[in-house]
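A short write-up of the structure that comes next.
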Amino acid sequence: MSNIDPKKLPKHVAIIMDGNGRWAKERGMTRVMGHQQGAEAVRTIVRTSREIGIQWLTLYAFSEENWKRPKNEILALMKLLKHFLKSELKEMQENGIQLRTIGRTDKLPKDTRKVLLDTIGKTASNQNMVLTLALSYGGRQELLDTIQKITRKVENGIITSIDISEKLVSDFLYTSDMPDPDLLIRTSGEYRISNFLLWQIAYSEIYVTNTLWPDFDKNEYLAAILDFQRRERRFGAANSKGVGS
Ligand code: FPP
């Protein structure tokens, strides 16, 4: 923590939490046990984010593709999510954490949705940090939903095609009032985006670690942030030496 520069913090950190299954397999445990340990890592990372002053944290908790997993694993993940929300509410309130979701959450089981909506409602006025859970989320699906919303505006004569700018598209994404992620972290050593925030990560710094998600602890997280702070972000422009990227 000591080496982190509070003036150069990423405003928005997004995380692809991967490797629960492998973590469990290495220990002869069930995949569900890996997810349970993964939920503990979520607690640690949310707490650390708040401690160091991250304002936006977005976690890929359940992708559109995850619906293809065995039914018992899906049910266990939904149950874990419910349990997590109930057990974390007090801490979210004490620390001013606002909960949001992105994704087609209408597909989630009714009881999970109920706890989600309840937590979103109760934390809505919290101002210190926004924790967004991507649930039943897919980047392409988000873009499709966005294109459909914009097309309806055009069809209804509210806007014309020349009004469609980057700003307008951003305004119709699920993340409309959020800044784009500055730092995207992926655990478990895979160099893939896996359909996460496709539009929003255009200029994000990417950090991949071999650590499996349940082992991603405070020190690992601080190392990722320190790595981010050592980078020079140019957003496509040239640096002081005239070198572009
Ligand atoms: C990837 O591990 C992780 C997920 C499918 C979802 C992430 C879920 C959690 C961290 C648990 C609970 C979440 C919350 C918000 C309480 P994997 O199963 O794909 O791992 P593998 O690639 O090793 O099989």
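The values are calculated or read from the model by the stated rules, or taken from the named source; none is laboratory data. Fair warning: this is a prediction, and the values are worked out from it, not measured in the lab. All Cβ positions, glycine included, derive from the backbone under ideal geometry; neighbour counts span all protein chains shown. To get the accessible areas, we keep the full protein, side chains included, count just its heavy atoms, and leave off ligands, DNA and RNA. Shrake-Rupley method; radii C 1.70, N 1.55, O 1.52, S 1.80 Å.
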So for the pair Lys8, Leu75, with labels modelled 7 Å out along Cα→Cβ, what separation do we get in nm? 5.0 nm
Restricting to DSSP loop positions (anything but H, G, I, E, B) with no more than 13 other Cβ atoms inside 10 Å of their own Cβ, which chymotrypsin sites (Phe, Trp or Tyr not before Pro) remain in the range 116-199? Tyr191
Lys/Arg +1, Asp/Glu -1 at C-beta; the chain dipole; positive extreme among Ser49, Leu80, Ala202: Leu80
Of the listed links Lys11/Lys107; Lys82/Lys107; Lys110/Lys149; Lys79/Lys114; Lys82/Lys110; Lys71/Lys110, those spanning more than 20 angstrom between alpha carbons are Lys11/Lys107; Lys110/Lys149
Whole-number percent relative contact order across the range 169-210, with pairs defined as alpha carbons under 8 Å at least 6 apart: 49 percent
In Å², rounded to a whole number, the accessible area per residue of the chain with probe 1.4 Å is 53 Å²
Work out from phi, with θ = phi - 60° and the Karplus expression 6.51 cos²θ - 1.76 cosθ + 1.60, the ³J(HN,Hα) of each residue of the range 12-24, listed in order in whole Hz, and give x for Gly and Pro. 10, 10, 10, 10, 8, 8, 10, x, 4, x, 5, 4, 5
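Assuming R0 = 51 Å, what is the FRET efficiency of Asn210 and Ser125, from their Cβ-Cβ distance, to the nearest 0.05?
0.80
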Contour excess over end-to-end distance, with Cα ends at Glu51 and Asp106 and 0.36 nm allotted per residue: 16.6 nm
Sort Arg27, Arg140, Arg234, Arg192 from largest to smallest accessible area, using a 1.4 Å probe on the heavy atoms of the protein chains. Arg140, Arg192, Arg27, Arg234
About the Cα centre of the range 153-245, how large is the charge dipole given +1 on each Lys and Arg Cβ and -1 on each Asp and Glu Cβ? Please answer in debye to the nearest 20. 360 debye
Electrostatic dipole magnitude of the range 31-103 [Cβ: Lys, Arg +1; Asp, Glu -1; Cα centre; debye, to 20]: 260 debye
Report the Cα centroid-to-centroid distance between the range 150-197 and the range 1-79 in angstrom, as an integer. 23 Å
Quick one: 3J(HN,Hα) in Hz for the range 191-197, Karplus 6.51/-1.76/1.60 with θ = phi - 60°, rounded, Gly and Pro as x. 9, 9, 9, 6, 6, 9, 6
To make sure I understand the rule: partners must be lysines, Cα under 17 Å from the Cα of Lys153, and not fewer than 8 residues away in the same chain. Which ones qualify? Lys167
With point charges of +1 on the Cβ of Lys and Arg and -1 on the Cβ of Asp and Glu, referenced to the Cα centre of the range 104-245, which listed residue (Ile225, Tyr174, Val154) lies farthest in the positive direction of the dipole? Val154
Say R0 is 22 Å: what FRET efficiency, to the nearest 0.05, do Asn219 and Lys90 get from their beta-carbon distance? 0.25
For the chain, which whole percent of the accessible surface, found with a 1.4 angstrom probe, sits on carbon and sulfur atoms? 51 percent
Under the helix-only model (-39500 (n - 2.57) for each DSSP H run of 4 or more, divided by the residues of the chain), the mean residue ellipticity at 222 nm, to 500 deg cm²/dmol, is -14000 deg cm²/dmol
Listed by chain and number, the residues whose amide H is under 5 Å from that of Arg186, excluding neighbours fewer than 5 places away on the same chain and using placed H, are Ile16, Tyr207, Val208, Thr209
Check Tyr137: other-chain or 5+ apart residues with amide H under 5 Å from its amide H, H built from backbone geometry? Phe62, Ser63, Glu64, Arg104
Here FRET efficiency (C-beta to C-beta, Glu190 to Arg140, R₀ 30 Å, nearest 0.05) is 0.95
Charge dipole magnitude, Cβ of K and R +1, D and E -1 - the chain, Cα centre, debye nearest 20: 420 debye
